[in-house]
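Heads up, the thing below is written out as C-alpha cells.
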2 protein chains.
Amino acid sequence: MHRVRRSNPLALAVMVTLAEGPRHPYEIAQTLKRRHHDESIRLNFGSLYSVVNVLERAGLIAAEGVERDQRRPERTVYALTPAGHDEADDWLGELLATPAKEYLQFEAALTMVGAVAPGRVVDLLGDRIVALDAEIAGGAARLALLVGRHELPRLFVLEAEYQQALLVAEVAFVRALVAEITAGTFPGLAQWQAWHDGRSTAVHPPIPVSAPRRTP
Amino acid sequence: MHRVRRSNPLALAVMVTLAEGPRHPYEIAQTLKRRHHDESIRLNFGSLYSVVNVLERAGLIAAEGVERDQRRPERTVYALTPAGHDEADDWLGELLATPAKEYLQFEAALTMVGAVAPGRVVDLLGDRIVALDAEIAGGAARLALLVGRHELPRLFVLEAEYQQALLVAEVAFVRALVAEITAGTFPGLAQWQAWHDGRSTAVHPPIPVSAPRRTP
DNA sequence: CGTCGAATACTCGGTTGCGAATATTCACCA
DNA sequence: TGGTGAATATTCGCAACCGAGTATTCGACG
C-alpha cells in the first residue's frame, strides 16, 4: 500500500486506460496499440504485467476477479480505485506542467563528438540529415492522412505533432552545424583537425576544462 | 567475450574516456562530472561499476592491475583494448548517423491529455511555459559565460546547444497549443469540453480510432 | 586537538525491465 | 484434413539499473 515511483509512464497509461472501465492487462495492451500509444510509451508484455502488479500492491488498481471466456486462457480483470484515480490525475498534471530531464542518445553522442575527426563527423551527420528528413516527411504525410480525412480529432495526434516539432528543430541544428564545419567557420576547427592528424586512431579525448556548476 | 548490448550510453562514455589513457572507475566518474557529461549521460556509481564489469567480460576493456595509493582504498585500473577501440568508434558513429527512437515523458503525457479538461490543460501548460522559459534563459546565460569568455571551445558545448534548440522548439509548440485552446480555435474543443462537463472526475478516456500503421 | 564534513573508492541488495517461452485457440489455405 | 501462422493471455528468469551503504582519509575550522 506504499507509494509507487513515478518512473515508468506505462504505469500512468495503464491507470488512464482503466479509467475508461475494467480491463485485463492484455486488453490494455491492445487498446494502447490500437491508439498508437505504444509509439510514445515503451510497451512490452513483461513490463506491463510487472507494472500492473506494482499498481495493485500500491492499491491504485484492484483485481475484479478472474474470468474465463470459454476456451480461452483465464485472465484477471482490474479496475481503477479512487486512490488510483487521484494518483493518475496528479501524475499526469505533473508531467504536463513540469519539464522532465531527458537523457537523449544524440545528446550523449555530442558530448563525445570531439573523439571523431571533423571530416567523418560531416559524413555521419549528413546521413543523419537524410534520415531525419525522411522521418519528417513520413510523419507529416501520416498526420495529413489522419487529420486531413478527419479520421482522428487533432486532440489525439498532439504527441505526433510534438515529435515533428522536435525533429524539425533537430534537423535544423544538425544542418547548421554541418554547414559551419564544411565552410570552415566552426571555431576551433583547426585544433580539432590537428588533434586527429596526429594519430591514426579515431577515438580520442576532448580537452577537459572545469567550469561553474549549476544547481540541479 | 560476447557482444555487448548498445543500450546504455554510459558504456560508450567509459570507453571514450579510457581512450585518453588508463583510469580506475571512480576517476572516470570524476572526469565525466568535471566535463558536465553527467548532465547528458545518466551516471551513478552502481551503473558505472556494473557497466565496467560488462565491458571487461566482453573484452572491450582490460584491468591493468590493482593499485593502492598508500592509505587510500585499493582501486582497479582499466585500459581500452583494441576491440574496445573499434567498438567505441563504431557505436559513436551509429549514434551520430542514425536517429534513435526516444520515449519522452511529455510525449507520453500528450497521448493522455484528453483525460484532462481543456481549462486545466491550459493552466498546466502555462506552468510548463514559465519553467521552459526559465530553463532556456539559464542555459543561454551559461553558454554565453562559458564560450563567450573562451573558457570552453564550442566543440565541447554542442550538447548544450542541442538541448537549447529542443527546448526552444518545445516552448514554441506548447505556446501555440495554449493559444489555440484559449482562443477557442482548437478543432474539437467543444467535444473535449463537453466530455468533461458530463463528469466530475478529471481522468477519462479519449476516443479510440484505428488507423494505418507505419513500419517500425 | 578534536571533530565534522567532503572526498575517495567501491560493494551490495532490491527493484525494474525486457525478451523469450508457454499454452491454447482460431482462421485460413492447400 | 491437417498444417501453418496469427491472436490470446500470461509467466519466467535474467540482466541492468539505481540508490544507499561502507570504510577510510584528508582538510578546514573552531
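The values are calculated or read from the model by the stated rules, or taken from the named source; none is laboratory data. It should be emphasised that the depicted structure is a prediction, and the values quoted were computed from it without experimental measurement. Reconstructed Cβ throughout: ideal geometry from the backbone, glycine too, with neighbour counts over all protein chains shown. SASA here: full protein model, heavy atoms, side chains in, ligands and nucleic acids out. Shrake-Rupley method; radii C 1.70, N 1.55, O 1.52, S 1.80 Å.
From the list B:Leu60, B:Leu155, B:Leu55, which one is in contact with a strand residue (DSSP E or B) (Cβ under 7 Å, 6 or more places away or on another chain) and of a type outside the set (Phe, Trp, Tyr)?
After ruling out the rest, the residue left standing is B:Leu55.
On the basis of being more than 9 Å from every other protein chain (Cβ to nearest Cβ) and within 11 Å of DNA strand C (Cβ to nearest atom), does B:Arg6 make the cut?
Taking the combined requirement at face value, the residue does not satisfy it.
Would you check which residues across region B:19-37 are within 13 Å of DNA strand C (Cβ to nearest atom) and under 20 Å from A:Ala109 (Cβ atoms) and list them?
Within region B:19-37, B:Ile28, B:Ala29, B:Thr31, B:Leu32, B:Lys33, B:Arg34 meet the criteria.
Filter region B:132-159 for residues that are without any contact (Cβ under 8 Å) to a residue 24 or more places away in the chain, more than 7 Å from chain A (Cβ to nearest Cβ) and within 18 Å of A:Leu110 (Cα to Cα) and give the result.
Residues satisfying the conditions are B:Leu143, B:Val147, B:Val157.
Select from region B:72-100 the residues that are free of Cβ contacts under 8 Å to residues at least 12 places away in the same chain and within 16 Å of DNA strand C (Cβ to nearest atom) and list them in ascending order.
B:Arg72, B:Pro73, B:Glu74, B:Ala100
Report yes if B:Ala109 is in the same structural domain as B:Gly188 (by TED's automatic domain parsing) and under 19 Å from the mean Cα position of the chain (by Cα), otherwise no.
When the stated conditions are applied, B:Ala109 passes them.
Scan region B:131-142 and give yes if some residue there is under 30 Å from A:Thr17 (Cβ atoms) and either outside the structural domain of B:Glu39 (by TED's automatic domain parsing) or buried (at least 20 other Cβ atoms within 10 Å of the Cβ) (or both), otherwise no.
Scanning region B:131-142 turns up at least one residue that is under 30 Å from A:Thr17 (Cβ atoms) and either outside the structural domain of B:Glu39 (by TED's automatic domain parsing) or buried (at least 20 other Cβ atoms within 10 Å of the Cβ) (or both).
When you scan region A:24-46, how many residues do you find that are within 12 Å of DNA strand D (Cβ to nearest atom) and open to solvent by less than 40 Å² (accessible area, probe 1.4 Å)?
Qualifying residue count for the region: 6.
Can you tell me how many residues in region B:100-117 are farther than 15 Å from A:Asp89 by Cβ and either in contact with a Leu (Cβ under 6 Å, 6 or more places away or on another chain) or within 7 Å of another protein chain (Cβ to nearest Cβ) (or both)?
The number of residues fulfilling the criteria is 10.
Just to be sure, is B:Gly93 surrounded by fewer than 20 Cβ atoms within 10 Å (Cβ to Cβ), modelled with pLDDT of 95 or more, more than 16 Å from DNA strand D (Cβ to nearest atom) and more than 9 Å from chain A (Cβ to nearest Cβ)?
Here the answer is no, as B:Gly93 does not meet what is asked.
Which residues, counting only those in region B:29-53, are farther than 21 Å from B:Leu158 by Cβ and of a type in the set (A, V, I, L, M)?
Within region B:29-53, B:Ala29, B:Leu48, B:Val51, B:Val52 meet the criteria.
So A:Tyr49 passes all but one of these: (1) open to solvent by 60 Å² or more (accessible area, probe 1.4 Å); (2) touching a Ser or Thr at 6+ places or on another chain (Cβ under 7 Å). Which condition number does it fail?
Only one criterion is unmet by A:Tyr49, namely (2).
Only one of (1) more than 9 Å from chain A (Cβ to nearest Cβ); (2) at pLDDT 95 or above; (3) open to solvent by 50 Å² or more (accessible area, probe 1.4 Å) fails for B:Ala172. Which number is that?
Against the list (1) more than 9 Å from chain A (Cβ to nearest Cβ); (2) at pLDDT 95 or above; (3) open to solvent by 50 Å² or more (accessible area, probe 1.4 Å), B:Ala172 comes up short only on (1).
Out of curiosity, is B:Val77 more than 14 Å from chain A (Cβ to nearest Cβ), more than 15 Å from DNA strand D (Cβ to nearest atom), open to solvent by less than 20 Å² (accessible area, probe 1.4 Å) and out of contact with any Cys (no Cβ under 8 Å at 6 or more places or on another chain)?
yes
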